[in-house]
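Have a look at the structure below, then the notes.
The values are calculated or read from the model by the stated rules, or taken from the named source; none is laboratory data. Remember, it's a predicted structure, so these values are computed and weren't measured experimentally. Neighbour counts are summed over all protein chains in view; Cβ atoms, including those assigned to glycine, are modelled from backbone coordinates with ideal geometry. What goes into the accessible areas is simple: the full protein's heavy atoms, side chains included, and nothing from ligands, DNA or RNA. Shrake-Rupley method; radii C 1.70, N 1.55, O 1.52, S 1.80 Å.
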Amino acid sequence: MSFRLAVLISGKGSNLRAIQEAIERGTCAGSIVAVISDRASAQGLTFAAEHGLPSSVVSVRDYPDRSAWDAALAAKVADFMPDLVVLAGFMRVVGAAFLDRFAHRVINVHPALLPLFPGTNGPEQALAAGVRVTGCTVHVVDAGVDTGPIIAQAVVRVLPDDTNDTLHERIQHAEHQLFPRVVDAIARGVVTLGAQVRMSGASDDGTILFAPLFRDGPT
Ligand code: GRF
């Protein structure tokens with residue numbers, strides 16, 4: 001039976017697209033059984049509709065408080081019986097009810113090399129710090145903000161004339177290559193999530209968990 005993915009988005013959904021396109025190409029195992037957004041206006045919902053992916057909106061505004069929203073989000077995601085919950089540009093912190101229900105089954109992509117530059121504006125923080133390389137991180141989600149066990153990272157150069165937008169665009173190019181690989185590795189059991197992230201079966205050849213200097217380019 002196919003490995004079931006629930007993808008949570010808030011905006012553009014370019015990582016959703018990258019994962020779905022990898023699935024369609026046959027380079028990512030599993031299938032997306034649900035796309036869930038906290039915003040009805042998320043562009044990624046249009047992509048989901050065009051590709052026949054079931055979608056749903058769970059807006060924080062429809063609930064009296066954060067914990068009610070968190071419980072409703074967890075219930076909605078659970079309806080789709082996912083093996084893995086993929087936060088792909090989901091701009092809200094999921095709470096305890098959600099994480100309890102999907103322990104060790106929630107992953108996120110962050111636009112910096114964690115533990116550096118957590119939170120919002122990873123590219124902006126990298127520019128302000130003057131680092132020469134930054135990148136992206138795929139990690140297990142825990143109760144903190146961008147603090148869970150690291151699964152994989154890719155490195156991106158910071159160029160002298162970079163702006164937040166140009167740097168973020170190249171980081172996203174790396175995300176679009178790394179994230180589907182990680183999902184595939186989890187779906188195939190090459191990477192196992194738990195209190196620690198473990199490799200099993202084939203040993204990592206450097207292309208899944210660490211991808212040095214992806215060729216810079218547009219998405
Ligand atoms: C990505 O850069 C990701 O690192 C961050 O949010 C952004 C989402 O982009 N968490 P998209 O919606 O997948 O295009």
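Step by step: first the residues of region 94-117, then only those that are open to solvent by 60 Å² or more (accessible area, probe 1.4 Å) and either more than 16 Å from the ligand (Cβ to nearest atom) or touching a helix residue (DSSP H, G or I) at 6+ places or on another chain (Cβ under 9 Å) (or both), then the one that is farthest from residue 45 (Cα to Cα). Which residue is that? Full working, then the answer.
Within region 94-117, the first condition is being open to solvent by 60 Å² or more (accessible area, probe 1.4 Å), and the residues that meet it are 96, 100-101, 104-105, 115-116.
Those left that are additionally either more than 16 Å from the ligand (Cβ to nearest atom) or touching a helix residue (DSSP H, G or I) at 6+ places or on another chain (Cβ under 9 Å) (or both): 96, 100-101, 104-105, 116.
Numbers: 96: 26, 100: 26, 101: 24, 104: 26, 105: 23, 116: 31 Å.
If we take residues in region 94-117 being open to solvent by 60 Å² or more (accessible area, probe 1.4 Å) and either more than 16 Å from the ligand (Cβ to nearest atom) or touching a helix residue (DSSP H, G or I) at 6+ places or on another chain (Cβ under 9 Å) (or both), then 116 is farthest from residue 45 (Cα to Cα).
Hey, can you tell me all the residues within region 68-93 that are crowded, with 19+ Cβ neighbours inside 10 Å and within 16 Å of the chain's Cα centre (by Cα)?
Taking region 68-93 and keeping what is crowded, with 19+ Cβ neighbours inside 10 Å, we get 69-70, 73-74, 77, 82, 84-90.
Hits for region 68-93 are 77, 82, 84, 85, 86, 87, 88, 89, 90.
Show me the strands (runs of 3 or more DSSP E) entirely contained within region 1-57 in which 2 or more residues are open to solvent by less than 20 Å² (accessible area, probe 1.4 Å), modelled with pLDDT of 95 or more and closer than 19 Å to residue 108 by Cα. Steps first, please.
Numbers: elements: 4-9, 31-37, 55-57.
It comes to 4-9, 31-37.
Pick out the one residue from 142, 184, 146 that is open to solvent by less than 40 Å² (accessible area, probe 1.4 Å) and assigned to a loop (DSSP other than H, G, I, E, B). Reasoning before the result, please.
Working: 142 fails: open to solvent by less than 40 Å² (accessible area, probe 1.4 Å); 184 fails: assigned to a loop (DSSP other than H, G, I, E, B).
On inspection, the qualifying residue turns out to be 146.
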